[in-house]
Structure formats: C-alpha cells, structure tokens
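Input: a single structure, listed below in structure tokens.
The values are calculated or read from the model by the stated rules, or taken from the named source; none is laboratory data. For clarity, every value in this text was computed on a predicted model and none was experimentally measured. All Cβ positions, glycine included, derive from the backbone under ideal geometry; neighbour counts span all protein chains shown. Note: accessible area is taken over every heavy atom of the protein model, side chains too, but ligands, DNA and RNA are not part of it. Shrake-Rupley method; radii C 1.70, N 1.55, O 1.52, S 1.80 Å.
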Amino acid sequence: MRGALGLVSVLVCGVIVAYVWANYTAAVSHSGTKATDQATQLSGHGADGKSALESIKTKPDLDASGRLKSLLVTECKADGAMEKFYGFKKGDKIISEGQYDLAMNPDADTASAMLLDAYEKSASVEVIRDGKQIKLPLDGAGKNIQDQFNQLQHVGGSR
C-alpha cells in the first residue's frame, strides 16, 4: 500500500511539473515571437523576409511646379509588411513620414527611403484617404492587426 501511495504521489508531482513547464514555455515562446517580429521590422523587412518597400508601389504626386507634394500608393500587397503595419490602401496619398513632411523632399526616391525609415522605427505616417487626412497606424502600432483592420474599415469605407 505504501508503495502504491508513493507511486501516485510521484506521478502527481510529475503532472504538476509538466503543467508548470508547459505554461512557462508557452509564455517564453510568445515573447520570442514578439521579439522576432520587432527585430524583423527594425531590419526593414516583412514576415516574408523581403524588404518592406517591395510590398508597396508608389508614384510621385507633383504640384504644378513639379515639386513633390506626396507619394500616391498605386499598389499595396495584401498581407505585405506595409499593409500589415500601416494599413495602406490603393489611392492613399502619403504626405508625411514620421516627423518629415514630404513636400520638403527633393525627390520621390528620398521620400521612399524615408518611408522605409519610418517603418523601421514604427513611426506614424499621415495620409489623405478619401479626402480626409488620417494618421497611420491608427491608435499606434501596439494594437494587433485585427484591431487595426477593424478601425480602418470605419475610416473612409472600402474602394
């Protein structure tokens, strides 16, 4: 009887240790995933390993004198780095990146480089969408992508 009781107590302790270990590794794994995602963004890449700039196509939007006033989003890859983080849509006019106003840039190549820099730093950008000026990502970069997507649906409607 003593042997059976000892065996049961060892098994119960084993189950408790396994349960605690499983919870610990799940938390560590989740933290590691978040850190990997942040490191990927800091490097200027998306989850697919490609440069974030490869997930978006823009063209310069010039004023009457030929000066750059914004970057017009002509294509944004679904689930690409820029779409996931900022929620860009075709037709958005990017007017500022981080703390820099695009109208102060001499050319579109510099503006594109600044867009990548803003992405790497998780900085906000301002766009004109459907005639309204909005800041992206909505309510900061800390929200999960589903929350950002839900908020984007409430801004300006779909195209």
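Placing R0 at 25 angstrom, the Cβ-Cβ distance between THR110 and GLU75 gives a FRET efficiency of 0.75 after rounding to 0.05. Of the solvent-accessible surface of the stretch 18-97, computed with a 1.4 Å probe over protein heavy atoms with every protein chain present, carbon and sulfur atoms account for 57 percent. Taking 7 Å steps out from each Cα toward its Cβ at ALA39 and VAL8 produces label points 4.8 nm apart. With the charge dipole of the stretch 24-100 set up from +1 on Lys and Arg Cβ and -1 on Asp and Glu Cβ about the Cα centre, the Cα lying farthest toward the positive end among the listed residues SER70, ALA39, MET82 is that of SER70. With the simple model of a label 7 Å out from the Cα in the direction of the Cβ, MET1 to ASP48 spans 6.9 nm.
Rounding to the nearest 20 debye, state how big the charge dipole of the stretch 41-123 is about its Cα centre with +1 on each Lys and Arg Cβ and -1 on each Asp and Glu Cβ.
On the way: 11 positive and 14 negative charges, 40 e Å.
Its charge dipole is roughly 200 debye.
R0 = 22 Å: FRET efficiency of ASP117 with ALA64, Cβ-based, nearest 0.05?
Efficiency for this residue pair is about 0.15.
Let me cross-check TYR19: its accessible surface, 1.4 Å probe, with only protein heavy atoms counted, in Å² to the nearest 10? Near enough 150 Å² of accessible area. Couplings for the stretch 109-116, taken from phi via the Karplus curve 6.51 cos²θ - 1.76 cosθ + 1.60 with θ = phi - 60°, read 5, 5, 5, 5, 5, 5, 5, 5 Hz in order; Gly and Pro are left as x. Put simply, the amide H of ILE56, placed in the peptide plane, has neighbours under 5 Å in LYS77, leaving out anything fewer than 5 places away on its chain.
Taking amide H as placed 1.01 Å from N in the peptide plane, the amide H of ALA123 sits under 5 Å from none that are at least 5 places away or on another chain.
At 1.4 Å probe size, with every protein chain present, just tell me what the per residue accessible area of the stretch 1-130 comes to in Å².
Values: 8040 Å² over 130 residues.
Ligands and nucleic acids excluded, the result is 62 Å² per residue.
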